[in-house]
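Each remark here refers to the structure printed beneath this line.
The values are calculated or read from the model by the stated rules, or taken from the named source; none is laboratory data. Quantities reported herein were computed from a predicted structural model and do not represent experimental measurements. Every residue, glycine among them, receives a Cβ derived from its backbone with ideal geometry; neighbour counts consider all protein chains shown.
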Amino acid sequence: MKILITGGAGFIGSAVVRKAVADGHEVVNLDVLSYSANLENVASVAGSPAYAFEEADICDAPRMAEIFARHQPDAVMHLAAESHNDRAIDGPLAFVRSNVLGTAVLLEAARAYWSGLPAERKAAFRFHHVSTDEVFGALGEDGAFTEETPYDPNSPYSASKAGADHLVRAWGRTYGFPVVITNCANNYGPYQFPEKLIPTVIVRAMEGKTIPVYGDGRQVRDWLHVDDHAEALLLVLAKGRLGETYCIGGDSDHRNLEIVKILCAELDKVAPANTPHAEKITFVADRPGHDFRYAIDAAKLKAELGWAPSTPLDQGLAETVRWYVENRDWWQTIREKGFHSERLGLAQG
C-alpha cells in the first residue's frame, strides 16, 4: 500500500512513517516543516526506496492536487496539525488555519483524486483522520471517553481539532468519501518536541533548570506510547470500518505531578545532579481553561481489531528518559534554533 502521511516529520507522524516503512508500505511524507517538525525524526528510513518526501502546506490546494496526481496514493493518514495548547491560546487563528482550513483543503484534494480512480482502487481507498481526546472536553474524577462521548472542546486547539473531525465526518456522509477517525490519548516517547510535558521535564532537568508544573499538578492524563499509537493507527487504516471512530488509549491514567516525579526519579538514575531532580519542581500559574482529566475507554478498538497497548508506562517512561539523555544532539539543535521552553499561553481577556 502507498500511504500519503501528512505531518510525517512531526512527533506522532514520524513514528507512523517509520512503522509504515518497516511494515513494507510505500510512504509519501508530506510536511510543511513548521517549527516542531524535524527530518531527523525520519532519517532512519529516508534512504529507503519506499520513502518519498514532499515539503508542502496542506492549505495549498494546487500543491495538494499535484501531489495526489503524481504519487497516486492508496490511502491518506492525516496527522498534520498545530497541536500545542499554550501556542493556541496565544495565536488561535494559526490553529484554525492549519487544523480546520487545512483539513478541508486536503479533504477536497483527496476527494477529487478518489473520484477519478478506477473502480477497484476507488473501493479500496481510505482517508484516516488522526485526532485527539481533547475534543471531548474534560472529565471529573470518574468515567472515560468513548466514541459516543459528546464533543465539548474547551480550548482553541481542541475546538480546531473538533472542527476538523466534523469536516471529515461531513465529507464521508455527504459525498460517500471513505473516512475513518481516531481520537488518541496523550502520546509520549522519543522525538517529541520539548514543549510538551514529558520532554520539557527531561530536557530542563538535564539543563539544571527548574521543572514547571502547571497549577497544583493534579490534572490527570491517559498516557500512550507513540509506537503503540503508530501500530494502532496503521491497524485502523487497514481494517477499521469506514465511517467509524475509534478511541485509542494507553490504560495509564496518572496525575501530571506523578508523571513528573517518576521522570525525576529516572533522571536521578541515568543523569544524576548534585541534588535530586525533584527538588527543581516549581508550581507555576495554571493554563487558562486547563482541562482537569482525560481518560479513554478503548474497548471498541480492542474488541473489533484486537489491539491493546503493549508498553507499560514505567518501562516506556524509563526508555524515553534514556533516549533524551543519549540523544542530546537532537534536542540541543532545537535549543540552538532559539526554542528554550519559554512559557506560553498566559494571554487573558
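Only one of H229, H254 is farther than 30 Å from E26 by Cβ, touching a strand residue (DSSP E or B) at 6+ places or on another chain (Cβ under 8 Å) and at pLDDT 95 or above. Can you tell me which?
Result of the check over H229, H254: H254.
Given the residues E54, E66, E40, which is the only one that is within 13 Å of V17 (Cβ to Cβ), assigned to a helix (DSSP H, G or I) and modelled with pLDDT of 95 or more?
The unique qualifying residue is E40.
For the stretch 82-102, indicate whether the set of residues that are assigned to a helix (DSSP H, G or I) and either basic (K, R) or touching a strand residue (DSSP E or B) at 6+ places or on another chain (Cβ under 6 Å) (or both) is non-empty.
Within the stretch 82-102, one or more residues are assigned to a helix (DSSP H, G or I) and either basic (K, R) or touching a strand residue (DSSP E or B) at 6+ places or on another chain (Cβ under 6 Å) (or both).
Looking at the stretch 109-156 only, could you name the residues that are among the acidic types (D, E), modelled with pLDDT of 95 or more and out of contact with any helix residue (DSSP H, G or I) (no Cβ under 7 Å at 6 or more places or on another chain)?
Once the filter is applied, which keeps residues that are among the acidic types (D, E), modelled with pLDDT of 95 or more and out of contact with any helix residue (DSSP H, G or I) (no Cβ under 7 Å at 6 or more places or on another chain), the stretch 109-156 yields E120, D133, E148.
Here are T200, T149: which of them is over 30 Å from I262 (Cα atoms) and of a type in the set (S, T, N, Q)?
So the residue among T200, T149 that is over 30 Å from I262 (Cα atoms) and of a type in the set (S, T, N, Q) is T149.
For the stretch 195-204, state whether one or more residues are without any contact (Cβ under 8 Å) to a residue 24 or more places away in the chain and either outside any helix (DSSP H, G or I) or surrounded by fewer than 21 Cβ atoms within 10 Å (Cβ to Cβ) (or both).
No.
Listed here are the residues, each with its yes/no results for (1) out of contact with any Lys or Arg (no Cβ under 7 Å at 6 or more places or on another chain); (2) touching a residue at least 24 places away in the same chain (Cβ under 8 Å); (3) over 23 Å from A159 (Cα atoms); (4) buried (at least 16 other Cβ atoms within 10 Å of the Cβ).
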| site | (1), (2), (3), (4) |
| --- | --- |
| G10 | yes, yes, no, yes |
| R18 | yes, yes, yes, yes |
| E26 | no, yes, yes, yes |
| A56 | no, yes, yes, yes |
| A75 | no, yes, yes, yes |
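Please indicate, with yes or no, whether at least one residue in the stretch 319-336 is touching a Pro at 6+ places or on another chain (Cβ under 7 Å), within 30 Å of E40 (Cβ to Cβ) and surrounded by fewer than 18 Cβ atoms within 10 Å (Cβ to Cβ).
yes
Filtering the stretch 122-134 down to residues that are under 14 Å from I3 (Cβ atoms) and over 18 Å from the mean Cα position of the chain (by Cα), which residue is surrounded by the fewest Cβ atoms within 10 Å (Cβ to Cβ)?
A124
Among the residues that make up the stretch 265-286, is at least one of them among the basic types (K, R), under 24 Å from E134 (Cβ atoms) and outside any loop (DSSP other than H, G, I, E, B)?
no
Any idea which of (1) hydroxyl-bearing (S, T, Y); (2) in contact (Cβ under 8 Å) with a residue 12 or more places away in the chain; (3) more than 17 Å from F95 (Cα to Cα) is the one S155 doesn't satisfy?
(3) is the only condition that S155 fails.
Output the strands (runs of 3 or more DSSP E) that fall wholly within the stretch 214-261 and possess 3 or more residues being within 14 Å of the chain's Cα centre (by Cα), or say none.
220-225
Among the numbered criteria (1) surrounded by 21 or more Cβ atoms within 10 Å (Cβ to Cβ); (2) closer than 30 Å to L346 by Cβ, which one does V100 miss?
All conditions are met except number (1).
Regarding the stretch 309-327, can at least one residue be identified that is touching a residue at least 24 places away in the same chain (Cβ under 8 Å) and either touching a Cys at 6+ places or on another chain (Cβ under 6 Å) or farther than 29 Å from I248 by Cβ (or both)?
No; the residues of the stretch 309-327 include none that is touching a residue at least 24 places away in the same chain (Cβ under 8 Å) and either touching a Cys at 6+ places or on another chain (Cβ under 6 Å) or farther than 29 Å from I248 by Cβ (or both).
Quick one: how many residues across the stretch 321-349 are in contact with a His (Cβ under 8 Å, 6 or more places away or on another chain) and at pLDDT 95 or above?
Qualifying residue count for the region: 0.
State which residue is surrounded by the fewest Cβ atoms within 10 Å (Cβ to Cβ) when the search covers only the stretch 135-164 and only residues that are closer than 16 Å to I248 by Cα and of a type in the set (S, T, N, Q).
That would be T146.
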